[in-house]
Structures are given as structure tokens and as C-alpha cells.
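Take a look at the structure below.
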Amino acid sequence: MQNIGYENVYQLEGGILKYFEEVGGAHYTGDCFVFDYRTALNPKLEPTETVQCFVRRSVVTPRQQLSPEYVYEKSCPHCYGKK
Ligand SMILES: [Zn+2]
């Protein structure tokens, strides 16, 4: 990120999940992607309604799942209409 111009770049020791354990959701907006069946965890370390599309493994939020382009196991707004 510093290579593209961001000057104030920091790394959380222990990662974002450790931050959630110690601080909770304070000063944080959103979920944390995890590389297992849960897809994403919220600051309470609970799985969320976020899923991955079967086509390209794109992350699909609950709001995106409301799109007519999201069809379970077939398409999502990220891959709909693309080969
Ligand atoms: Zn997709």
C-alpha cells in the first residue's frame, strides 16, 4: 500500500481476529473474510450471512444476495453474464 502512496500503513499484531477478541467491533466496520466454510466473521467472531459464489469464489454479501443476478450455485452480481 505504501508503494501506491498510502503513508500511514500499519499491521495489526495478531491480525484482525485477535483485534476482535481484544477490542470487539470498536473502530471497525464490516466483517473479516476467513478462508474456510464460514466465509466471514463479524466482530463478535460469529459467522455472518456472507457467502461465496460457486462460480469464481467471489464474496457475496447479504445485500448482493438480494440481486436477481444472484442465483444459488449458478451466478452472482460479480460473475453474472461473464464467461
Ligand atoms: Zn459469481
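The values are calculated or read from the model by the stated rules, or taken from the named source; none is laboratory data. Remember, it's a predicted structure, so these values are computed and weren't measured experimentally. When we count neighbours, we look across all protein chains shown, and the Cβ atoms used for this are built from the backbone with ideal geometry, even at glycine. Just the protein is used for accessible areas: all its heavy atoms, side chains included, with ligands, DNA and RNA removed. Shrake-Rupley method; radii C 1.70, N 1.55, O 1.52, S 1.80 Å.
Below, the figures for the structure above:
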quantity	calculated
Local net charge near residue 73, Cβ-Cβ under 13 Å (Lys/Arg +1, Asp/Glu -1)	+3
Approximate shape of the chain as ellipsoid semi-axes (Cα gyration tensor, √5λ), whole Å, largest first	28, 18, 11
Charge sum, other residues only, whose C-beta stays under 11 Å from residue 31's C-beta, Lys/Arg counted +1 and Asp/Glu -1	0
Ranked order, 54, 35, 20 - accessible area, probe 1.4 Å, largest first	35, 54, 20
Residues of type aspartates and glutamates that residue 44 reaches as a straight line, Cα spacing below 19 Å, ignoring anything fewer than 8 places off in the same chain	13, 21, 22, 31, 36
Dipole of the chain, positive direction: furthest Cα of 23, 6, 64, with charges on the beta-carbon	64
Accessible-area value, residue 67, 1.4 Å probe, nucleic acids and ligands omitted, Å²	30
Area accessible to solvent at residue 46, 1.4 Å probe radius, in Å²	90
Solitary cysteines of the chain, where the nearest other Cys Cβ is not under 4.7 Å	32, 79
Heavy atoms of residue 22 accessible to a 1.4 Å probe, total area in Å² rounded to 10	130
Sequence of 18, 83, 74 from largest to smallest accessible area, 1.4 Å probe	83, 74, 18
